[in-house]
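Structure first, commentary second.
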Amino acid sequence: MATVLIVDDDPKLLKMLQRTLAYEGFRVLSAGDGRAALTVLQAQRPDVVVLDWLMPGLDGLGVLEHLRAAGDKTLVLMLTARDAVEQRVEGLESGADDYLVKPFAPAELLARLHALLRRPAVTARDEMLVYADLSLNPMTRETQRQARAFGLTSKEYDLLHFIMRHPRQVLTREQILQEVWGYDFGGEDNVLEVYIGYLRKKLEAGGESRLIQTVRGVGYVLREES
């Protein structure tokens, strides 16, 4: 039985989510604001946190940043009325694992939670990934291009890790979104393209050749330029 912590300052929504998730077999914890959420998290170890962004006092982004700064890798699904791509990127860049815009259907929330819980965790048994002059160490999360080390955000790491596990294989947008974000953002969103741009900038910062190639109308592939 997975444990879910719901954090929202709307009592009606909080009660509805508690009832819905409990009915689906989840163990449910709740908090009405950011400070209360941190108190619960100190005493409990939920599998997923459903976290509202806009709350008085300590908001959801503040809670998320507090968790990630402490090295806490608990899965976090952000809830918010902010639906612009830039705001989605801000939440994901801060360490959120998924993002759901209000209002939403309970069935979609459940699908997102199940997708998050299916994600395989990176373990110490994962071997070093190397392609051409690019290397990624899953044990330390260190990345290097030739002798140049560079850092990645949580979502950039997840994206590069997935791509490097499939060298020379053309990956569709749908495959990448499903694996890295757990769902398809939709055909009109460009979040994947934004993150590919972030990765390319870091991978090519020393003047190195491009390794993540665009396959027009399909997706991306990790291969050296011909």
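Roughly what angle does helix 11-23 make with the longest principal axis of the chain, taking Cα atoms, 0 to 90 degrees, to the nearest 10? Value to nearest ten degrees: 70. Between the Cα long axis of helix 106-118 and the first principal axis of the chain there is an angle of about 50°, rounded to the nearest 10. Taking mean projected area of the Cα convex hull in nm² as calculated from this structure, the corresponding entry among (1) 12.4; (2) 13.0; (3) 11.7 is (2).
On alpha-carbon atoms, Rg over Rh for segment 147-226 using Kirkwood Rh?
Numbers: Rg = 12.3 Å, Rh = 13.0 Å.
My calculation puts Rg/Rh at 0.94.
Going by a ≥ b ≥ c, the root eigenvalues of the Cα gyration tensor, does segment 1-62 fall in the rounded group (a/c under 1.5), the prolate group (a/b larger than b/c) or the oblate group? Because a/c hits 1.5 or more and a/b fails to exceed b/c, segment 1-62 counts as oblate. In degrees, nearest 10, range 0 to 90: what is the angle between the Cα axis of helix 191-203 and the longest Cα principal axis of the chain? The angle comes out at about 50 degrees.
Scanning the chain for trypsin sites (Lys or Arg not before Pro) in DSSP loops with at most 11 neighbouring Cβ atoms within 10 Å leaves 1-124 as the longest stretch between them.
Legend: calculated FRET efficiency, residue 210 to residue 162, from the Cβ-Cβ distance at R0 = 22 Å, rounded to 0.05, equals 0.75.
Give me the percent of accessible area attributable to carbon and sulfur for the chain, probe 1.4 angstrom.
Details: 5530 of 11220 Å².
Roughly 49 percent of what the probe reaches on the chain is carbon or sulfur.
Label-to-label distance for residue 147 and residue 174 is 4.6 nm, based on points extended 7 Å past Cα in the beta-carbon direction. Only one residue of 70, 43, 96 has its Cα farthest out toward the positive end of the dipole of segment 30-123, where Lys and Arg carry +1 and Asp and Glu -1 on Cβ, and that residue is 43. Keeping every protein chain present and rolling a 1.4 Å probe, give me the accessible area per residue for the chain in Å². That works out to 50 Å² per residue.
Restricting to lysines 8 or more places apart or on different chains, can you count the pairs in the chain with Cα atoms under 22 Å from each other?
Working: 12/102; 15/102; 73/155; 155/201; 155/202.
Final tally of qualifying lysine pairs is 5.
The values are calculated or read from the model by the stated rules, or taken from the named source; none is laboratory data. Quick caveat, the model's predicted, so the values are computed rather than measured. FYI the Cβ positions are ideal-geometry reconstructions off the backbone, even for glycines, and counts take in every protein chain you see. Side chains are part of the model used for accessible areas, which takes the heavy atoms of the whole protein and leaves out ligands, DNA and RNA. Shrake-Rupley method; radii C 1.70, N 1.55, O 1.52, S 1.80 Å.
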